[in-house]
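The values are calculated or read from the model by the stated rules, or taken from the named source; none is laboratory data. What you are looking at is a predicted structure, and each value in this text was computed from that prediction instead of being measured. Using ideal geometry, Cβ is built from the backbone for each residue, glycine included, and neighbour counts are taken over all protein chains shown. Just the protein is used for accessible areas: all its heavy atoms, side chains included, with ligands, DNA and RNA removed. Shrake-Rupley method; radii C 1.70, N 1.55, O 1.52, S 1.80 Å.
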Amino acid sequence: MDLTNSAVWFAVALVSTTAVITKIARARTVADPVCNKPPPPVVSGGSLIRLLHTFLTKGLRAMIHEQYTQLGSVFTISFFGQKVTFLIGPEVLGHFYQGLDSEISHGNTLEFTVPMFGKEVLYGVDVATRYEQFRFYSNALKPPKLRNHTDPMVQEVEDYFSKWDQQGTVDLKWELAQLLMLISSRCLLGREVREKMFKEVYTLFHELSDNGLRLTSVLFPYAPTLANYRRDRAHAKLSEMFTKITDVLQNLMDSKYKDSRPTTEAEVIGLIMNLMFAGMHTSSAASTWTGVCLLSHERWLRAVIEEQNKIVLKHGDHVDFNALMEMDTLHRCIKETLRMHPPTATVFRKVHTNFTVQTREGYEYEIPSGHTVVSPIHFNSNLPYIYKDPDEYDPDRFGLGREEDRVGGKFSYTAFSGGRHACIGEAYAYMQIKVIWSHLLRNFELKLVSPFPDTDQSKLALEPKGKVMVQYKRLAAYV
């Protein structure tokens with residue numbers, strides 16, 4: 001695997017984000033009580049040089065494994081005056097995911113999203129307003145509302161794949177990115193955007209995300225760079241387009257804050273941009289990885305196809321919400337895919353108030369205020385004391401009788417984060433992926449013809465690297 005981009009991305013981002021948010025942490029932190037427990041073991045000096053060598057030559061997972069083996073499940077990397085503490089395993093992640101924002105928060109690590117979605121929403125507003133906006137999302141994506149999205153999703157999927165030839169070869173990653181943008185446009189923006197403005201919306205969203213997620217834009221979101229100029233131009237054009245739409249996610253338009261203030265036009269537009277952005281990146285990568293894993297594991301491909309055949313016999317060939325809820329095998333395959341290929345490799349928080357963790361071995365450590373703490377999701381999803389043979393693709397690990405994620409503890413599975421920060425769109429993402437792969441496997445014979453892809457770790461969303469070429473042949477039963 002080419003680790004150069006990944007190494008530069010992670011190392012520079014780690015140094016920069018910890019340095020930048022230290023100023024805010026100092027402003028917000030009051031005097032903490034004297035530490036009663038020892039701090040975590042620290043990697044510094046010559047050990048730090050060896051750590052960086054491992055990271056640059058073998059990658060992040062190997063680097064974490066090396067320190068985990070030597071120092072245990074909690075350790076601190078000290079460099080340039082910054083302290084970054086890694087938390088390995090669900091036993092030490094409770095406060096990370098459930099702590100109050102006054103005690104542990106994102107700091108301003110997500111400030112780069114403010115120019116992308118607007119200063120009126122999410123990480124451009126205070127914490128109280130942000131959580132109310134999360135509530136708006138939650139209300140809009142509850143199961144009763146998700147039912148209403150099923151038919152539009154199915155229609156988009158059927159229309160899209162009806163345009164494929166009888167047989168051919170496609171780049172699955174590109175195809176699914178296109179399709180998911182169509183689904184998002186239809187479900188979140190309405191038929192008007194889907195039918196009249198899709199090409200322009202698709203182009204502008206790619207311009208917004210491609211430029212907004214560049215390393216320079218993440219680290220210096222307000223610098224006068226060409227990427228930031230293109231990002232801001234795309235944001236302005238999308239905002240102008242959305243102000244002309246009367247049917248933009250009605251649930252958000254009807255939402256009210258606790259003080260009865262209605263949402264503003266700018267807030268609704270920013271919230272929709274963020275929702276589409278999150279769905280497009282996460283679902284696109286997850287859908288592609290799901291296909292790669294299924295087409296690379298014949299046993300599970302057969303199992304999912306058999307399940308689809310049974311569902312067709314029971315519900316008919318038209319998939320509805322109830323049929324999607326019965327796709328247990330496909331659900332476990334998606335879940336296992338996301339365990340092995342999570343949307344992001346690591347999640348950061350900034351500590352504002354000291355807290356204590358206890359490892360599974362019984363050691364207790366005090367994490368001081370000012371530290372940046374890291375939950376390495378990809379590494380935590382592959383711990384062998386939780387997941388048997390973690391490098392094996394085995395969706396049955398989530399089945400009745402095993403349920404390794406539950407046996408391991410509350411935060412053993414964090415592909416969609418957890419606790420106070422659990423992803424609101426998890427059910428929506430599963431539904432999109434099920435609709436797509438239910439249709440593909442019922443109507444096409446598929447074969448992965450390119451090698452199993454490496455992970456493109458130079459991007460925030462850990463998608464397959466390069467093209468994912470798949471041969472398809474339409475089945476005779478297709479209607």
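Observations on the structure shown:
- Mean-position separation - Cα centroids, segment 310-359 and segment 36-69, in angstrom: 30
- For segment 105-157, the fraction of 1.4 Å probe accessible surface lying on carbon and sulfur atoms is 55 percent.
- Cα centre as origin, Lys/Arg/Asp/Glu Cβ charges: the chain dipole, Debye: 540
- Annotation: per residue accessible area for the chain equals 45 Å², rounded to a whole number [probe 1.4 Å, protein chains only].
- Bins of 10 Å from zero: percent of alpha-carbon pairs in the chain: 4, 19, 29, 27, 16, 5, 0, 0
- Principal-axis analysis of the Cα atoms of the chain puts helix 298-315 at an angle of about 50° to the longest axis.
- Applying a DSSP loop filter and a limit of 14 other Cβ atoms within 10 Å to the chymotrypsin sites (Phe, Trp or Tyr not before Pro) in segment 192-225 leaves Tyr222.
- As a fraction of the 1.4 Å probe accessible area of segment 407-471, surface on carbon and sulfur atoms comes out at 52 percent.
- In this simple spin-label approximation, Leu110 and Glu195 carry label points 7 Å from Cα along the Cα→Cβ vector, and these lie 3.5 nm apart.
- In this view, the solvent-accessible surface of Val125, computed with a 1.4 Å probe and all protein chains in place, comes to about 30 Å².
- Fully extended contour minus Cα-Cα distance, from Tyr222 to Thr169, at 0.36 nm per residue: 14.9 nm
- Burial ranking of peptide ranges 303-314, 169-180, 85-96 (average Cβ count within 10 Å, highest at the top): 85-96, 169-180, 303-314
- Rg followed by Dmax, in Å, when segment 161-220 is reduced to its Cα trace: 14.5, 48
- Paramagnetic reach from Lys142 in segment 264-305 [backbone N under 13 Å; point 7 Å along Cα→Cβ]: none
- Figure legend: label point modelled 7 angstrom from the Cα of Val42 along Cα→Cβ; residues of segment 81-120 with amide N under 13 Å from it are 81-85.
- When the pairs Lys145/Lys314; Lys37/Lys465; Lys314/Lys467 are compared against a 32 Å limit on Cα-Cα distance, Lys37/Lys465; Lys314/Lys467 fall above it.
- Backbone N under 17 Å from the Ala62 label point (7 Å along Cα→Cβ), restricted to segment 363-393: 379
- Burial order of peptide ranges 210-220, 347-357 (average beta-carbon count within 10 Å, highest first): 347-357, 210-220
- The Cα-based radius of gyration of segment 270-416, divided by its Kirkwood radius, gives an Rg/Rh of 1.05.
- Take every pair of alpha-carbon atoms less than 8 Å apart whose residues are at least six positions apart; their mean separation over the length of the chain yields a relative contact order of 25 percent.
- Vicinal HN-Hα couplings computed from phi for segment 177-184 (Karplus, 6.51 cos²θ - 1.76 cosθ + 1.60; Hz; Gly/Pro x): 5, 4, 4, 5, 5, 5, 4, 4
- Carbon plus sulfur fraction of accessible area for segment 196-310, probe 1.4 Å, in percent: 55
- The residue list Tyr222, Ala234, Leu141 was ranked by how far each Cα lies along the charge dipole of segment 133-263 toward its positive end, using unit charges on Cβ atoms, and Tyr222 comes out on top.
- Helix content alone sets the calculated 222 nm mean residue ellipticity of the chain: runs of n ≥ 4 DSSP H residues at -39500 (n - 2.57) each, divided across all residues, give -16000 deg cm²/dmol.
- Sequence-distant residues sharing a close amide H with Phe79 (under 5 Å, placed H): Val84
- Maximal additional length on extending the Tyr229-Glu306 stretch stands at 22.7 nm, based on 0.36 nm per residue less the C-alpha distance.
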